[in-house]
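Visitor: One structure follows; several queries about it will come next.
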Amino acid sequence: MTAAFVHVCIRVRDEAASLRFYAALGFEQRGRLQFAGAHNVYLGLPGGDDVLELTVNDGRAEPYELGTGYGHLALSIDDLDAALQLLAAAGIEPEQPPYAPGGRTEYRICFLTDPDGYRVELIDGHFPTPQDPVPAG
C-alpha cells in the first residue's frame, strides 16, 4: 500500500477570523466545497498542496470542544523573529516568547492560538524531528 498525506481538517465558527489568522501565517485560500448545512475551505502554503481544511457548520454559535486528544499543527518558519513581528502587526501574539525546547540549541519554537483555540507551533528554521536512539533488540 502506498499512502500520501492530504490534509488536516479543523472545525471553525468564524470563517473570516480563521482566514485572517491563517493568511497571516502564509496560507492561501485555494477552494471551497459546499454541502447541505456546512462548507469546507481549503488552504495551502505557497508552492505546496492544500493541507488545511476548515469546516464551517452553518449556524454554529457555541465553541467546539477540542478534547484532550488534539495537540497542535506545526509550521517551520524561515525567520521566526521576523514572522512574529508581522504577526504582531496583525494582532497575533505568541502564548509566550520563543524558547528552545528541552534545552536544545538548534532551534526555537513558540505557540499561537487560532480564533477557535487550536494551537499552532512555529519552529524557527529547518526542523529535524528529534529522535531518541532506537533500542537494540
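Visitor: If you put +1 on each Lys and Arg Cβ and -1 on each Asp and Glu Cβ, how big is the dipole of segment 1-60 around its Cα centre, in Debye rounded to 20?
Guide: On the way: 6 positive and 7 negative charges, 30 e Å.
Using Cβ point charges on Lys, Arg, Asp and Glu, segment 1-60 gives about 140 debye.
Visitor: OK, next. If you take the Cα atoms of the chain, find Rg, then find the Kirkwood Rh from the mean of 1/r over all pairs, what is Rg/Rh?
Guide: Numbers: Rg = 16.8 Å, Rh = 16.7 Å.
That ratio equals 1.00.
Visitor: Out of G67, G26, T105, whose Cα points farthest toward the positive end of the dipole of the chain (charges: +1 Lys, Arg; -1 Asp, Glu; placed on Cβ)?
Guide: About the Cα centre, the residue reaching furthest to the positive side is G67.
Visitor: Sequence gap at least 6, Cα distance under 8 Å: using those rules, report the relative contact order of segment 71-131 to the nearest whole percent. Write out the running numbers ahead of the final one.
Guide: On the way: 90 pairs, mean separation 26.1, N = 61.
Relative contact order for segment 71-131 comes out at 43 percent.
Visitor: Amide H to amide H under 5 Å from L52: which residues, 5+ apart in sequence or cross-chain, H placed 1.01 Å off N in plane?
Guide: Hits under the 5 Å cutoff: V8, L43.
Visitor: Determine the calculated [θ] at 222 nm for the chain from helices alone, applying -39500 (n - 2.57) to every DSSP H run no shorter than 4 residues and normalising by the residue count; nearest 500 deg cm²/dmol.
Guide: It comes out at -4500 deg cm²/dmol, rounded to the nearest 500.
Visitor: If one computes the Cα centroid of segment 1-26 and of segment 47-94, what distance in Å separates the two points?
Guide: Computed from Cα coordinates, the inter-centre distance equals 7 Å.
Visitor: Roughly what % of DSSP beta bridges within segment 71-131 run antiparallel, to the nearest 5?
Guide: Rounded to the nearest five, the antiparallel share is 55 percent.
Visitor: A follow-up question, please. Checking the a/c ratio against 1.5 first, then a/b against b/c, what shape does the Cα gyration tensor give for segment 1-60?
Guide: oblate
Visitor: Let me ask something additional. Once phi is turned into ³J(HN,Hα) by the Karplus curve 6.51 cos²θ - 1.76 cosθ + 1.60 with θ = phi - 60°, what whole-Hz value does each residue of segment 64-76 show in order, with x for glycine and proline?
Guide: Using θ = phi - 60°, the values come out as 6, 7, 7, x, 9, x, 6, x, 5, 9, 10, 10, 8 Hz.
Visitor: Quick one: which residues, 5+ away or cross-chain, put their amide H under 5 Å from the amide H of E28? H built at 1.01 Å from N.
Guide: Result for E28 returns G44, L45.
Visitor: While we're here: Got a sec? Which residues in segment 67-89 would a label at Q96 touch, if it sits 7 Å along Cα→Cβ and we count backbone N under 17 Å?
Guide: 72
Visitor: Find the relative contact order for the chain and round it to a whole percent, using C-alpha pairs within less than 8 Å whose residues are 6+ positions apart.
Guide: Over the chain, the number comes to 22 percent.
Visitor: Kindly work out what percent of the DSSP beta bridges joining two residues of the chain are antiparallel, to the nearest 5.
Guide: 65 percent
Visitor: Here's another thing I want to ask about it. Kindly give Rg over Rh for segment 71-131, based on alpha-carbon atoms, with the Kirkwood expression for the hydrodynamic radius.
Guide: Here the Rg-to-Rh quotient is 0.95.
Taken together, the values in this text are just the output of simple stated rules run on the coordinates, not laboratory data. Just so we're clear, the structure is a prediction, and the values are computed from it rather than from any experiment. So basically every Cβ, Gly included, is an ideal-geometry build from the backbone, and we count neighbours across all protein chains shown.
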